[in-house]
Each structure stands twice: as structure tokens, then as C-alpha cells.
Amino acid sequence: MTAETELRLGVNIDHVATVRNARGGNYPDPLRAAKLAEEAGADGITAHLREDRRHISDADIEGLMDSLGVPLNFEMAATAEMQQIALRHRPHAVCIVPEKREERTTEGGLEVAREENRLAHFIAPLRDAGCRVSIFIAADNRQVEAAHRIGAQVIELHTGAYCDAHAEGREEDRDRELACLREMSAYAHSLGLEVHAGHGLTYDTVTPVAAFPELRELNIGHFIIGEAIFRGLVPAIAEMRRLMDAARGPRQRSAV
Ligand code: PXP
């Protein structure tokens, strides 16, 4: 597979930190998980430094920046504090996500269209510092176009609605969400944006998304870390990787 057609797997290690923080000590260490994920074939590590520091800490980001051999995708809200942290570390990529204190996880995509001006100014210094800027959005053409206009290089499509519909057995909704994701993946690519996707993906839901020919990266966390309890982190990642590769298939690999 060439760089233009490969599908990278970013492993999100936030929930290793969630388990650590449940006891307040240093175990299990997210950095150790990140290195193991790297050995298991992860192409990158994703970590979300939330405003309330509920899982990943500032020290985790520092440790990841110091010792990771693969790129770090730093997820952050569009706040001045996070911008400063990102500019200090200059990770390979930053993914701008919406953040609400009361939510359990990142529930929706960023409303780029509503905040276009502010976000354009917000991401400019990050781009200038050499970070690839990704915007986490719903599969909606207004958001794709706004992300393109503000100068983002990458969009990450929120797959949560598709995964929820699958988990709840709402087949029509699932198929509609998937069609929407597929259409927006092609549309964003046609505008010159690199397309990523993630949120809520599992072994059951990854295949049709991984088959989008324009897709370059999936970021997957909660399911992989959960599955690691049952089969270990390395086999859990290896199985996700296998499903992603199988979804591309020989025809897809040469399609773009
Ligand atoms: N991508 C983004 C932008 C996210 O915010 C998250 C969740 O932190 C993920 C991917 C991974 O989602 P999950 O943990 O449900 O696999």
C-alpha cells in the first residue's frame, strides 16, 4: 500500500488513564500502553487532554512527546490554555474537538460553521508551528466546507451516530448514517482535505467505514482498551488492524 492509499490506525489511550485515575496512583501507565500499542502496529497514538483532566494529564502528554516513536495526535478543545500547551509541545497533529464538562465523552462534532472566524484565527498558529490541524465534525456538508474554509488540513468524521444506531439495532438509521459518512468522506477528499474517522468503532462496525477509499486514518480507543481486558492489548489491536486491512481489499487499495 502506498502512503496515498494506506489506512492508519491511531490508538486512543485515554481510558488507560481513566483506570489509573480511578485509584489516583500511577498504574496502569498510559505511556506503557502507548509503547505496547506501537509495538502492536499502531501507526499513531491519540490522547485527549480534557479541560477537567479527567483522564490524560499534562504529565502524560509530556511523557508521550518525549518517548513515542510514532506520531501523537493531540485532541483538544479550542481554548487558549490548550493552544498554549499544543504550541509548547508541537505534536504531529492536533484534533480540535468540542468539549462540555457534563458530557461523558465527545458527544458531537464541532460546530465549525457557527464559529468560522474564531476557529480560523485559533488554528493558524498551530499550523504555523507545523502541526497538522484536524477538525472533528459530524458528517454534514456545511461543516466540511467550513473546515476547508478555515484552513484545516484534515477532518475527522464523527462515527458515533452510526455506531449507536448499530448498537441499538436501528438498522435504517445505521445505514443512513453510514451513507452520509461515505458521501462526506468523498466530498471532503474532493476539496483536498485528508479524511479521518472515529468514535465508538468496534470490531462489528469498523469494516464498512474502513472500506471508504478516501479514508486515511481511524482513531479508536474505548473499544480497544475494553477488549484488551479480555484478550490483551496487543491481540486486541492486531484484530482491529486485521479487520481494517481486510476491509480495504485488493481493489480498494489501488482505487485512489
Ligand atoms: N476521535 C475523536 C476526535 C475522539 O474525541 C474520540 C474519543 O475521545 C475518538 C476518536 C475515539 O473514540 P472511542 O474511544 O469511542 O473509540
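The values are calculated or read from the model by the stated rules, or taken from the named source; none is laboratory data. Just so it is clear, the structure is predicted and the values come from calculations on it, not from any experiment. Reconstructed Cβ throughout: ideal geometry from the backbone, glycine too, with neighbour counts over all protein chains shown.
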Exercise. Taking segment 78-95 as the search range and keeping residues that are buried (at least 16 other Cβ atoms within 10 Å of the Cβ) and of a type in the set (G, A, S), which one is nearest to G130 (Cα to Cα)?
Worked result: A93
Problem set entry | Subset of segment 1-18 (residues that are without any contact (Cβ under 8 Å) to a residue 60 or more places away in the chain and within 14 Å of the ligand (Cβ to nearest atom)) | A17, T18
Exercise. In segment 62-69, is there at least one residue being closer than 25 Å to L233 by Cβ and touching a Gly at 6+ places or on another chain (Cβ under 6 Å)?
Worked result: no
Exercise. Out of segment 97-121, which residues are among the β-branched types (V, I, T) and in contact with a helix residue (DSSP H, G or I) (Cβ under 7 Å, 6 or more places away or on another chain)?
Worked result: V112
For this session: Scan segment 52-76 for residues that are more than 13 Å from R32 (Cα to Cα) and hydroxyl-bearing (S, T, Y) and report the count.
Result: 1
For this session: Enumerate the pairs (first residue in segment 28-46 and more than 15 Å from A236 (Cβ to Cβ) and part of a helix (DSSP H, G or I); second residue anywhere and at pLDDT 95 or above and β-branched (V, I, T)) with beta-carbon separation below 7 Å, excluding pairs fewer than 6 apart on the same chain, so at least 6 apart or on different chains.
Result: P30/I13; P30/V16; P30/I56
Problem set entry | Of the criteria (1) acidic (D, E); (2) under 18 Å from N219 (Cβ atoms); (3) part of a loop (DSSP other than H, G, I, E, B); (4) within 16 Å of the ligand (Cβ to nearest atom), which one E51 fails | (2)
Exercise. Do you know which residues across segment 56-77 are surrounded by 20 or more Cβ atoms within 10 Å (Cβ to Cβ) and either under 14 Å from L126 (Cβ atoms) or at pLDDT below 95 (or both)?
Worked result: L72, N73, F74, E75, M76
Exercise. Which ones in segment 54-70 are aliphatic (A, V, I, L, M) and assigned to a loop (DSSP other than H, G, I, E, B)?
Worked result: I56, L68, V70
Seminar exercise, completed: Within segment 214-226, residues near the ligand (Cβ under 10 Å from one of its atoms) and in contact with a His (Cβ under 8 Å, 6 or more places away or on another chain) come out as E217, L218, N219, G221, H222, I225, G226
For this session: Return yes or no: is D60 over 18 Å from the mean Cα position of the chain (by Cα) and either among the aromatic types (F, W, Y) or under 24 Å from G41 (Cβ atoms) (or both)?
Result: no
Exercise. What residue, among those in segment 132-145 that are part of a loop (DSSP other than H, G, I, E, B) and not charged (D, E, K, R), is surrounded by the most Cβ atoms within 10 Å (Cβ to Cβ)?
Worked result: A139
Exercise. For segment 133-149, which residues satisfy the criterion of being free of Cβ contacts under 8 Å to residues at least 40 places away in the same chain and in contact with an Asp or Glu (Cβ under 6 Å, 6 or more places away or on another chain)?
Worked result: A146
Problem set entry | Those residues of segment 146-181 which are within 10 Å of I135 (Cα to Cα), within 15 Å of the ligand (Cβ to nearest atom) and part of a helix (DSSP H, G or I), in sequence order | A147
For this session: Please specify each residue of segment 190-213 satisfying the condition of being of a type in the set (F, W, Y), within 15 Å of the ligand (Cβ to nearest atom) and crowded, with 19+ Cβ neighbours inside 10 Å.
Result: none
